[in-house]
């Protein structure tokens, strides 16, 4: 599936990653991000790789259940929320200067 370039929320998440992530950074995200970030891993690897393997984890709120619960909990406990919109919440392994504070959001399990 190609990246939905006409969707403002997808484009906001992509723009954030383009600004803050290395193009080859290890990112756990929907497959669509692979087109722009070759280091992207789809959610289906979340049962085999630990959270610390990734620099960024992109939660798509409608796909959150595709991420294995143990890795999702590791991310929530150990990573830093750096971006959020109506569709995505992005967490970073490391805090970095200039990060964006997310708006209020809820992850539904």
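The values are calculated or read from the model by the stated rules, or taken from the named source; none is laboratory data. Remember, it's a predicted structure, so these values are computed and weren't measured experimentally. No Cβ is skipped: glycine too gets one built from the backbone with ideal geometry, and neighbour counts run over all protein chains shown.
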Discussion item. Looking at segment 49-62, can you tell me whether even one residue there is more than 22 Å from residue 95 (Cα to Cα), assigned to a helix (DSSP H, G or I) and over 10 Å from the mean Cα position of the chain (by Cα)?
Written reply: no
Worksheet item: surrounded by 20 or more Cβ atoms within 10 Å (Cβ to Cβ), under 25 Å from residue 8 (Cα atoms) and touching a residue at least 12 places away in the same chain (Cβ under 8 Å), is that true of residue 65?
Response: no
Fill in: Hits in segment 6-42 - residues which are part of a helix (DSSP H, G or I) and without any contact (Cβ under 8 Å) to a residue 12 or more places away in the chain
8, 11, 15, 19, 34
Practice prompt. Considering only residues that are loosely packed, with under 12 Cβ neighbours inside 10 Å and part of a loop (DSSP other than H, G, I, E, B), look in segment 69-95 and name the one that is modelled with the lowest pLDDT.
Written response: 95
